[in-house]
1. Checking residue 34 against (1) buried (at least 24 other Cβ atoms within 10 Å of the Cβ); (2) at pLDDT below 95; (3) among the aliphatic types (A, V, I, L, M), which single condition isn't satisfied?
2. So, in segment 159-188, of the ones that are touching a residue at least 24 places away in the same chain (Cβ under 8 Å) and surrounded by fewer than 18 Cβ atoms within 10 Å (Cβ to Cβ), which residue ends up nearest to residue 72 (Cα to Cα)?
3. Just checking, how many residues over segment 52-110 are in a helix (DSSP H, G or I), under 25 Å from residue 176 (Cβ atoms) and without any contact (Cβ under 8 Å) to a residue 60 or more places away in the chain?
4. Can you confirm whether residue 133 is of a type in the set (Asp, Glu) and part of a helix (DSSP H, G or I)?
5. Within segment 2-44, take every residue that is on the phi < 0 side of the Ramachandran plot and assigned to a loop (DSSP other than H, G, I, E, B) and give me the one that is farthest from the chain's Cα centre (by Cα).
Amino acid sequence: MRLPRWFYSELLGTFLLVFFGCGSVAVAVTMGSLVGVFQVAIVWGLGLSVAIFLTARHSGAHLNPAITLAFAVWTDFPMRRVAGYVAAQFLGAFLAALAVYLVFGGAITAFESAHGIQRGALGSEASAMIFGEYFPNPGGTALSEKSRVMVSMPRAFFAEALGTALLALAIFGYIARQNDAGPSRGTPLAIGLTLTALICLFGPVTMAGFNPARDLAPRFFSMLMGWGTQAFTVNGTGWLTVYILAPCVGALAGGYAGKRLFE
């Protein structure tokens, strides 16, 4: 069966986004080459811009199941394509996680050895964060009870929903023909910079996922690579509520606001 071009575009675009992003986290955690949230955030943002520049013509460059859902609900994007888009996004994110591991696997192992981290045991979120997301941001160390108090699950849910809502609002605004400022050739860069700014704000709280495929596919990959169920139990059901449901709720809210504002 020959797959449509939009499928390959979504797969490639999501692969690029997650490879740039998770790669930057790997470099920051294991090598200390990127210091501070901005240096990681700008790589995520530029990765998103590159992905949009390359794939927008054929698929619209959703690269995010939550954004695809918002387009299906609030625009004329065909609902019958949602499942295909989501499948392509998850596959692209999974392959990106594999690529990150093939490049940085040695550095990850050395980091774990140097810090006494037993992969799959309590505290191994210090290295698992290269793939999945946790709250609060582990920052390359094990989460303590003191740090967990800083960000409760409801607070994390709100942060992910709000961040995704602002991202969706920006996307709907940037591509609205009723908006004199867009769309233009600079729109992919504007969206990437928006993501950069949002990660700078929300990254220390929840690692700023805003994208179910970006979180779940690499998280599942990390489970297969030795982190086991620890990848899904660090924050209880947070992997589902905070990193899958909250972005979908936020994208629907932000898409609605953008549609009302610009149409």
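1. (1)
2. Among those that are touching a residue at least 24 places away in the same chain (Cβ under 8 Å) and surrounded by fewer than 18 Cβ atoms within 10 Å (Cβ to Cβ), it is 176.
3. Total satisfying the criteria: 10.
4. When the stated conditions are applied, residue 133 does not pass them.
5. Across segment 2-44, the extreme among qualifying residues is 2.
Residue-by-condition table, conditions (1) modelled with pLDDT under 95; (2) among the aliphatic types (A, V, I, L, M):
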| residue | (1), (2) |
| --- | --- |
| 180 | yes, no |
| 186 | yes, no |
| 199 | no, yes |
| 202 | no, no |
| 210 | no, no |
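Residue-by-condition table, conditions (1) more than 15 Å from residue 26 (Cα to Cα); (2) among the acidic types (Asp, Glu); (3) surrounded by 15 or more Cβ atoms within 10 Å (Cβ to Cβ); (4) without any contact (Cβ under 8 Å) to a residue 40 or more places away in the chain:
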| site | (1), (2), (3), (4) |
| --- | --- |
| 119 | yes, no, yes, no |
| 137 | no, no, yes, no |
| 140 | no, no, yes, no |
| 154 | yes, no, no, yes |
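The values are calculated or read from the model by the stated rules, or taken from the named source; none is laboratory data. Everything quoted here is computed from the prediction, not taken from an experiment. Virtual Cβ from ideal backbone geometry, glycine too; neighbours counted across all protein chains shown.
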